[in-house]
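I have placed the structure first, in the form of structure tokens, so that the comments after it can refer back to it.
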Amino acid sequence: MEPQRVVSWGRRWYLVAWDVDRDDWRLFRVDRLMPRSPAGARFAPREDPEGDAARYVAGKASAAAWRHRARVTVHAPAAAVLERVNPAVGVVEPVDAGTCVLETGADSLDSIAVHLGMLGYEFTVTGPPELVAHLEELAGRYARSTRPPSPPGPAPQKSPFPGR
């Protein structure tokens, strides 16, 4: 293991390290590590994963805690969406000058729906199917909430014969 950076995120400290056996980056919570002596051989520092260790930690640490995940196309420039998205909410990837992809998640579908609604931009969700169904249900509820209530119809006639 080649430790590279220590990053604070979400009230925790994380160690970003290169795993030479797996040939890949790993993330460790510092409060769960046990120091080893001797420390091991020296190694040359590497470029940060994804070019930014803090963004890497934010994406990995938040994603690990999510029960539901979604990949959403947002019809707005990535820079504009990044101004509205906390790293704990998701990772934004530019597609072109006016579109980006938001990889997000949460413990509930309602939480994802709230975050998407607060973006302030048009977006397209193609999955997961349970999120699409949930958003359709919410859209119907919101649409019904803006209609005036229907006038009550005539009261049902009571039969003059009891029990009928």
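Data overview
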| read-out | value |
| --- | --- |
| Leading residue by the ranking (surrounded by the most Cβ atoms within 10 Å (Cβ to Cβ)) among those in the stretch 65-100 that are small (Gly, Ala, Ser) and part of a loop (DSSP other than H, G, I, E, B) | ALA76 |
| Complete set of residues in the stretch 27-49 that are surrounded by 13 or more Cβ atoms within 10 Å (Cβ to Cβ) and either in a strand (DSSP E or B) or in contact with a helix residue (DSSP H, G or I) (Cβ under 9 Å, 6 or more places away or on another chain) (or both) | LEU27, PHE28, ASP48, PRO49 |
| Matching option when the condition is farther than 25 Å from VAL92 by Cβ and either touching a Gly at 6+ places or on another chain (Cβ under 6 Å) or not acidic (Asp, Glu) (or both), among ARG46, ARG26, ARG36 | ARG36 |
| Every pair of residues 6+ apart whose Cβ atoms lie under 9 Å, when the first sits in the stretch 78-94 and is farther than 16 Å from GLY105 by Cα while the second is acidic (Asp, Glu) and not in a loop (DSSP other than H, G, I, E, B) | ALA78/GLU93 |
| Counted residues, the stretch 101-129 - those being among the β-branched types (Val, Ile, Thr) and assigned to a strand (DSSP E or B) | 4 |
| Residue in the stretch 12-26 that is part of a helix (DSSP H, G or I), surrounded by fewer than 17 Cβ atoms within 10 Å (Cβ to Cβ) and touching a strand residue (DSSP E or B) at 6+ places or on another chain (Cβ under 8 Å) present | no |
| Selection within the stretch 9-61 - in contact (Cβ under 8 Å) with a residue 12 or more places away in the chain, more than 21 Å from ALA106 (Cα to Cα) and of a type in the set (A, V, I, L, M) | LEU15, VAL16, ALA17, VAL20, VAL30, LEU33, ALA53 |
| For THR104: the one exception among (1) over 30 Å from VAL132 (Cα atoms); (2) without any contact (Cβ under 8 Å) to a residue 40 or more places away in the chain; (3) among the polar types (S, T, N, Q) | (1) |
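FYI, it's all coordinate maths here, none of it is from the lab. Small disclaimer: the values here were computed from a predicted structure and weren't measured. All Cβ positions, even for glycine, are placed from backbone atoms using ideal geometry, and neighbour counts span all protein chains on display.
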